[in-house]
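Student: Let me begin by handing over the structure; questions about it come next.
Nothing in this text is a laboratory measurement; each read-out follows from the coordinates by a stated rule. As the structure is a computational prediction, the values presented were derived from the model and not from experiment. Don't worry about glycine lacking a Cβ; one is built from the backbone with ideal geometry, like all the others, and counts go over all protein chains shown.
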Amino acid sequence: MNRYVVACALIGIVAAAGCNNGAGFASVDADSNGTISMDEAASGMKMDEARFKAADTNADGSLDSSEYEVASAR
Ligand SMILES: [Ca+2]
Ligand SMILES: [Ca+2]
């Protein structure tokens with residue numbers, strides 16, 4: 001279980017409203033390692049490479065939950 005899922009579980013009922021916006025970070029994070037890779041973004045979010053790189057604000061090659069929230073809010 002990754003930290004994001006734990007955080008959502010701790011938040012409880014708020015998780016239903018706020019933690020799983022859009023497709024849901026946990027559902028896009030297919031291997032549940034806590035970050036979204038280019039492949040996961042492509043298959044789970046229909047995100048192309050240009051959008052992925054724009055969303056990856058710290059340029060570490062993956063999207064964390066905060067980067068995902070910004071990207072999925074667009
Ligand atoms: Ca992942
Ligand atoms: Ca990143």
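Student: List the pairs whose first member sits in the stretch 45-67 and is among the aliphatic types (A, V, I, L, M), whose second member is part of a loop (DSSP other than H, G, I, E, B) and away from ligand 2 (no atom under 11 Å from the Cβ), and whose Cβ atoms are under 8 Å apart, counting only residues at least 6 apart or on separate chains?
Tutor: Met45/Gly22; Met45/Ala23; Ala55/Met47
Student: Please count how many residues of the stretch 38-63 are within 10 Å of ligand 2 (Cβ to nearest atom) and buried (at least 17 other Cβ atoms within 10 Å of the Cβ).
Tutor: 5
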